[in-house]
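In what follows, a structure is listed as structure tokens, so that the remarks can point back to it.
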Amino acid sequence: MTDAAVTPERLPISLIVGLGNPGPKYAGTRHNIGFEVVDRLSKRWAIPLKEERRFQGEYGAGIGLHRQKIHLLKPLTYMNRSGQSMRAVLDWVKITPGAVLVVYDDMDLPVGKLRLRLAGSAGGHNGMKSAIAHLKTQDFCRLRIGIGAARTEAERDQAVVSHVLGNFSKAERQVMDEVVDVAVRALEKSLTDGVEKAMSLYNSVTVGG
């Protein structure tokens, strides 16, 4: 018998992963917004993060809003090897990819927009390419956070790198602080009422618009 409630993309979220690059050099950059969201969750849910070498990341576990165990992870492998850290956690704590939600930056969305999805391609994001490669599926949830497109006329690859590794402007930073708050609420709704309910509430929201 097939039950839609237990298909992989509808499993309760057990692991929330924020993507970014380690070290003070990258703190606050556009590419690290996933780290910021997980840091906020860690503080809000009183789930401390500490470096775990076996996971190649900062990791913490506690009881989430749905009264089930929740795991938080910030890979410290640098962005393009994020999947290694994720795979290590899944193998150690016996979580399936369908119970994973990844938070990361997206140049295809403007600043102030968020987009929850049940599955999808990497969309050119190196961290997600690594995640999909190591999880061997793209059927896991993700929260994409808009950082806007590069505006420079420089050679495209160089422009993209400069953009994602750059800091938000003062005005953007004010919006992004609110975006992180909205992202936390969207993730909490995902835990308590399911990702699809959170999608219906938050995918149409424009912060600062």
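Just so you know, all these numbers are worked out from the coordinates, no wet-lab data involved. None of the values given here were measured: they were computed from a predicted structure. Here the Cβ is made from the backbone with ideal geometry for all residues, glycine too, and neighbour counts use every protein chain on show.
Run through the stretch 133-202 and list the trypsin sites (Lys or Arg not before Pro) located in a DSSP loop whose Cβ has at most 13 other Cβ atoms within 10 Å.
Details: sites: K136, R142, R144, R151, R156, K170, R173, R185, K189, K197; in loops: K136, R151.
Loop-located and lightly packed - K136, R151.
Alpha carbon centre of the stretch 155-209 versus the stretch 66-137: separation in Å?
A separation of 15 Å, based on Cα centres.
Using amide H atoms built 1.01 Å from N in the peptide plane, name the residues 5+ places from D105, or on other chains, whose amide H lies under 5 Å from its own.
I33, G34, I145
Rounded to the nearest angstrom and ordered from largest down, what semi-axes does the equivalent ellipsoid of the stretch 55-159 get from its C-alpha gyration tensor (root of 5λ)?
Values: eigenvalues 140, 50, 32 Å².
Equivalent ellipsoid semi-axes, largest first: 26, 16, 13 Å.
To make sure I understand the rule: partners must be lysines, Cα under 26 Å from the Cα of K129, and not fewer than 8 residues away in the same chain. Which ones qualify?
K25, K50, K74, K94, K113
How far, in nm, would the chain grow between Q158 and T96 when pulled straight, counting 0.36 nm per residue and subtracting the alpha carbon separation? Working shown, then result.
Working: separation 62, 0.36 × 62 = 22.32 nm, distance 3.62 nm.
Difference between extended and current length: 18.7 nm.
At R0 = 25 Å, how high is the FRET efficiency between T206 and K170 if r is their beta carbon distance? Nearest 0.05 is fine. Numbers along the way, then the final one.
Values: r = 19 Å, r/R0 = 0.78.
Computed FRET efficiency for T206 and K170: 0.80.
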